[in-house]
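So the structure is just underneath, and the comments pick up after that.
Every number in this text was worked out from the coordinates using simple rules, so none of it is lab data. Everything numeric in this text was worked out from a predicted model, so none of it was measured. Here the Cβ positions follow ideal geometry from the backbone for every residue, glycine too, while neighbour counts run over all protein chains shown.
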DNA sequence: ACCTGAACACCGTTCAAGT
DNA sequence: ACCTGAACACCGTTCAAGT
């Protein structure tokens with residue numbers, strides 16, 4: 001009496017589909033699923049992460065995932081949350097002593113982390129609306145720390161908010177653009193030819209000089225940083241000057 | 001001999017599906033399809049524009065669309081092209097006399113057009129990589145005109161590129177964020193509560209003062225414009241000063 | 001409590017026709 | 001030359017079971 005015969009319908013005939021055995025209870029959990037989702041997305045891309053492919057990667061029935069995440073959206077939310085947290089931790093704090101230099105370094109690190117990890121990029125940039133409106137405690141605490149330092153340096157709260165928001169958006173916007181470019185390049189799409197070069201003398205000339213029209217150049221990121229940081233420095237000077245004037249007027 | 005009986009299988013029984021009659025040849029064309037696609041997307045959203053829904057809107061068989069656009073991607077490309085062209089035309093040129101003021105107005109119009117038209121926003125921001133790398137002649141000519149004017153004003157070509165690129169990205173990045181916020185709001189998602197307010201004293205205080213942490217405020221856009229335009233003004237001064245110095249040195 | 005396959009609605013696309 | 005339905009592969013999700 002062969003006990004192997006218990007299984008449902010895999011009879012004597014050559015089973016072309018190897019018929020994965022049923023997993024025992026507790027053999028998967030939410031964290032395993034997230035791990036698998038990240039590793040699979042890293043292998044291919046976030047776009048090609050589907051519930052069936054994830055299930056196959058995990059060697060689980062597709063529907064099993066639904067016991068841990070009620071929909072794909074919830075799964076992606078959980079992935080975003082994890083990605084956002086690890087990303088935040090990797091970004092340095094601001095020092096009050098040299099706020100401008102360290103704010104620059106802060107932004108550069110943000111940029112580097114995005115560029116290094118396409119999945120992070122897709123999750124954070126394509127899915128989250130804003131930098132600060134996260135329900136993630138770690139992200140908020142980092143944000144809080146930066147703002148507090150800037151205010152401590154002497155910025156008015158509103159200015160600190162504007163500065164940080166602009167910087168973050170510049171970084172994210174650029175990362176998004178570069179991510180798209182990479183994707184296009186992978187897909188084999190090349191720069192479209194200009195239809196009528198005769199009408200575009202300036203652009204044609206610039207391209208001959210080696211400029212990649214419409215594409216992100218290496219120093220574009222730093223250019224934006226310059227704009228924001230220099231403006232911030234000027235704002236700080238004004239604010240401090242105003243404070244001094246106010247104090248002196250009170251003396252009299 | 002009833003000639004009506006020719007049709008395939010719509011017999012005597014109450015046809016619950018009204019069985020749209022076959023369209024005659026030449027009754028649709030690429031432009032009609034694009035019109036319908038835009039009107040349908042405007043009614044709902046670009047995301048919910050599917051080939052079946054578009055066909056129904058046009059009262060055509062789904063596969064008929066494929067005679068004019070070989071895939072949905074090609075259809076979206078055509079839509080993007082049209083949207084981009086109309087959008088470009090709506091944006092004012094730069095005047096050399098008051099380049100800073102008109103560059104500001106230029107960016108403000110870009111922003112307004114995006115905000116007014118969610119479909120344009122989704123097509124242009126979510127689908128195109130960069131501002132200048134378009135194969136669209138009109139878009140390129142506008143870009144050319146702005147650059148030419150800035151160079152005429154006295155900017156070095158590279159500076160003109162950086163300025164315009166930064167400005168465009170700021171505008172697009174903000175438009176994207178605001179678009180997402182609107183979508184979230186429509187979907188009934190509210191600002192997530194901060195998990196542990198005790199650890200976020202600065203943020204809590206700012207929120208009490210009416211700041212919407214992490215969300216775009218009305219003047220954020222103008223703040224970025226200030227940064228970029230002021231930086232540009234300074235750059236121009238330096239460039240012109242350098243040119244004067246060079247000329248005077250040559251005199252001696 | 002956890003895992004599963006069958007089944008459903010829906011989408012993009014192909015193909016072999018009809019007119 | 002243009003329009004069409006049947007059919008396919010694939011996806012996200014539900015449900016009624018299995019263990």
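Here are the numbers for the structure shown:
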read-out	value
Cα gyration tensor shape for the protein assembly as shown, rounded if a/c is under 1.5, else prolate or oblate	oblate
Shielding by partners, peptide B:158-165 (average Cβ within 10 angstrom, other chains)	5
Using alpha-carbon coordinates, inclination of helix A:157-186 to the longest axis of chain A, degrees	50 degrees
Nearest-first distances (nm) between copies at residue A:250, label 7 Å from Cα via Cβ	5.7
Max mean-square fluctuation residue, GNM over chain B, Cα-Cα springs under 10 Å, options B:111, B:20, B:180	B:20
Separation between Cα centres of the range B:135-181 and the range B:26-53, rounded to whole Å	30 Å
The range B:228-252 versus the range A:203-252: alpha-carbon centroid distance in Å	18 Å
Helix A:72-89 axis, angle to chain A major axis (alpha carbon atoms, nearest 10°)	50 degrees
Position residue A:238, label points 7 Å along Cα→Cβ, spacing to each other copy in nm (shortest first, one decimal)	2.0
Where rotation carries A onto B, the chain A residue whose Cβ is nearest that axis, in whole Å	A:173, 2
Anisotropy class of the range B:22-70 from Cα gyration tensor, a/c 1.5 cut	prolate
Degrees, to the nearest 10: B:99-116 long Cα axis against longest axis of chain B	20 degrees
Contact order relative to length of chain B, as percent, for alpha carbon pairs under 8 angstrom and 6 or more apart	16 percent
Order by protection proxy (mean Cβ within 10 Å, highest first), peptides B:142-152, A:201-211	B:142-152, A:201-211
Sorted peptide list for B:94-101, A:235-242, criterion being average Cβ within 10 angstrom, highest first	B:94-101, A:235-242
Mean residue ellipticity (222 nm) of chain B, computed from DSSP H runs ≥ 4 via -39,500 (n - 2.57), nearest 500	-21000 deg cm²/dmol
Tensor-based shape of chain B (alpha-carbon gyration tensor, a/c under 1.5 rounded, otherwise prolate or oblate)	oblate
Compactness of the range B:166-252 - radius of gyration and Dmax, Cα, Å	21.8, 72
Test item: B:172-178 mean partner chain Cβ contacts at 10 Å	5
